[in-house]
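One structure is given below, encoded as structure tokens.
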Amino acid sequence: MVSPLILINLKTYQEGIGGSAHRIATAAENVAKESGVTIGVAPSFMDLRPLSTHFSIPVYAQHIDGITPGAHTGYILPEAVKLAGAHGTLINHSERRLTLADIEAAVAAAKRLQLETVVCTNNVATSAAAAALAPDYVAIEPPELIGSGVSVSKADPEIIRRSVEAVRGVRDDVQVLTGAGIQSGDCVKIALDLGTQGVLLASSVVKADDPAAVLRELVSLL
């Protein structure tokens, strides 16, 4: 994955499912081609296969469980996510928290299938712990700022700087994303200047009347 990465989490917003998911993916693909910036999407599970089939941008699952094929009713099987065409997966998002053991199992399962891993964390200590599991990315998102419209890049830049230092102190091959309230090109530039390799965001793009315009603003200073 070429840095920087802008990863859009579609969550389960009404504006991010079905045809609306295709609309956002179209905007992401167009802006990625225009700018040369890697833009990925993490849709709901029902949209994984359609988006992976119709678009060239990287598509991520929103979650996987660290299981193998078998009797696991209701779980998200990593093999199924891979077969659906996913490039990678989020793990331990603030809205889908896991135990450390479950995070470790999910990362191991993803590595087995060559799925890129983005482990979400909420503070410096958990960022360091996540880095020890050797995911591809650690995404630091203070939960109090998620969906707040207040950018972590501006509200708490120190947590980004300290998280980058903590991750690098454990493994220098793990990249860092930052999220929570990211909504402008200035937010993205600050995040990169603080040592991250990109951003994880959701509502500012998913709920926008014109997702392409928002994405162009996000990459405008890169």
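The values are calculated or read from the model by the stated rules, or taken from the named source; none is laboratory data. Everything numeric in this text was worked out from a predicted model, so none of it was measured. A quick note on method: Cβ atoms are made from the backbone with ideal geometry, for glycine too, and the neighbour counts reach across all protein chains shown.
Side notes on the structure shown:
- In the range 169-209, the residues that are touching a residue at least 40 places away in the same chain (Cβ under 8 Å), farther than 14 Å from ILE8 by Cβ and charged (D, E, K, R): ARG171
- Of all residues in the range 56-74 being under 14 Å from the mean Cα position of the chain (by Cα) and over 15 Å from LEU5 (Cα atoms), the one that is surrounded by the most Cβ atoms within 10 Å (Cβ to Cβ): ILE64
- Residue list for the range 28-43, filter: touching a helix residue (DSSP H, G or I) at 6+ places or on another chain (Cβ under 7 Å) and surrounded by fewer than 20 Cβ atoms within 10 Å (Cβ to Cβ): ASN30, THR38
- Every pair of residues 6+ apart whose Cβ atoms lie under 8 Å, when the first sits in the range 63-81 and is free of Cβ contacts under 8 Å to residues at least 24 places away in the same chain while the second is part of a helix (DSSP H, G or I) and surrounded by 12 or more Cβ atoms within 10 Å (Cβ to Cβ): PRO69/GLU79
- Test for ARG112: is it surrounded by fewer than 18 Cβ atoms within 10 Å (Cβ to Cβ) and at pLDDT 95 or above: yes
- Among the residues of the range 56-71, some residue qualifies, meaning at least one is under 18 Å from GLN197 (Cα atoms), of a type outside the set (Gly, Ala, Ser), modelled with pLDDT of 95 or more and assigned to a strand (DSSP E or B).
- Breaking point among (1) in a helix (DSSP H, G or I); (2) touching a residue at least 60 places away in the same chain (Cβ under 8 Å); (3) surrounded by fewer than 20 Cβ atoms within 10 Å (Cβ to Cβ), for THR53: (2)
- Among the residues of the range 95-129, those identified as under 16 Å from ALA166 (Cα atoms), touching a residue at least 40 places away in the same chain (Cβ under 8 Å) and either in a helix (DSSP H, G or I) or basic (Lys, Arg) (or both) are VAL124, ALA125, SER127, ALA128.
- All of (1) of a type in the set (Val, Ile, Thr); (2) farther than 28 Å from GLY185 by Cβ; (3) surrounded by 14 or more Cβ atoms within 10 Å (Cβ to Cβ) hold for THR99 with one exception: (3).
- Answer residue from the range 130-159, given it is at pLDDT 95 or above and outside any strand (DSSP E or B) and is surrounded by the fewest Cβ atoms within 10 Å (Cβ to Cβ) among those: ALA132
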